[in-house]
Amino acid sequence: MAEENRIQEKQKTQNNEDKLIRIMSKDIEGKTKVYPGLTHIKGVSWTLSNAVCKKLEIDKNRKIGNLKEEEIKKIEEFLKKPELPKHLFNRQKDFETGENRHLTGTDLDLRKDFDIKRLKKIKSYRGLRHTVGLPMRGQRTKSHFRTNRKKGSGIKKKAQKAESGSQNKQAPPAKQGARPAGKK
């Protein structure tokens, strides 16, 4: 009897680990542990995940699939309005309201987009750099961030020298309709 109960419990836990758990509109595999699993949610860092586990007294090494519905609801409520020190929030002194908030998921994406649009609208330095597609935090741009740009002047000079050398040795004109050498 005792062995049958153990086998049934193992099967139940395996079934829980196989399913996906939805927390804050993000699907998380049931076999991942709580501590790293919460970091899959956008806006939840490792530090915040650790704080959630300690504040709600949930074992970090427990599988997310084995959490009860009440524990999942507690986690969601805590992430919506965390009771933590202000240095753990990702939106301190919000521009519009002035309060400390923590944003997750699509709220974080939308707020970031609105901030960038505001910077572009007032034509601040950072906003102008966003529109041009350059870094805004003071990185050097001579050798990096050169996507889809023309090559530097030093490279042009070398290319011109190579072309002038090849102009002296002209190849005979190609026949019309002839295939290039090497292709069949």
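Looking at the stretch 79-127, which of the residues that are aliphatic (A, V, I, L, M) and touching a helix residue (DSSP H, G or I) at 6+ places or on another chain (Cβ under 8 Å) is nearest to G37 (Cα to Cα)? Steps first, answer last, please.
Restricting attention to the stretch 79-127, the residues satisfying the condition of being aliphatic (A, V, I, L, M) are 79, 84, 88, 103, 108, 110, 116, 119, 122.
Those left that are additionally touching a helix residue (DSSP H, G or I) at 6+ places or on another chain (Cβ under 8 Å): 79, 84, 88, 103, 116, 119.
Details: L79: 14, L84: 20, L88: 19, L103: 18, I116: 30, L119: 34 Å.
Taking the candidates together, the pick is L79.
Any idea which residue in the stretch 15-32 is farthest from the chain's Cα centre (by Cα), counting only those that are part of a loop (DSSP other than H, G, I, E, B) and modelled with pLDDT under 85? By that ranking, first place goes to K19.
Checking the stretch 60-80 against the condition returns a match, with at least one residue being more than 30 Å from R129 (Cβ to Cβ), of a type outside the set (K, R) and assigned to a loop (DSSP other than H, G, I, E, B).
Of the residues that sit in the stretch 33-59 and are of a type in the set (A, V, I, L, M) and not in a loop (DSSP other than H, G, I, E, B), which one is surrounded by the most Cβ atoms within 10 Å (Cβ to Cβ)? Among them, the one singled out is L38. Scanning the stretch 82-109 for residues that are without any contact (Cβ under 8 Å) to a residue 12 or more places away in the chain and part of a loop (DSSP other than H, G, I, E, B) gives P85, Q92, K93, D94, E96, T97, G98, E99. Set side by side, the residues K121, K117 differ, and just one is farther than 30 Å from E83 by Cβ, under 20 Å from the mean Cα position of the chain (by Cα) and modelled with pLDDT of 85 or more, which is K117.
The values are calculated or read from the model by the stated rules, or taken from the named source; none is laboratory data. Every value quoted in this text rests on a predicted model; they were computed, and no experiment measured them. Here the Cβ is made from the backbone with ideal geometry for all residues, glycine too, and neighbour counts use every protein chain on show.
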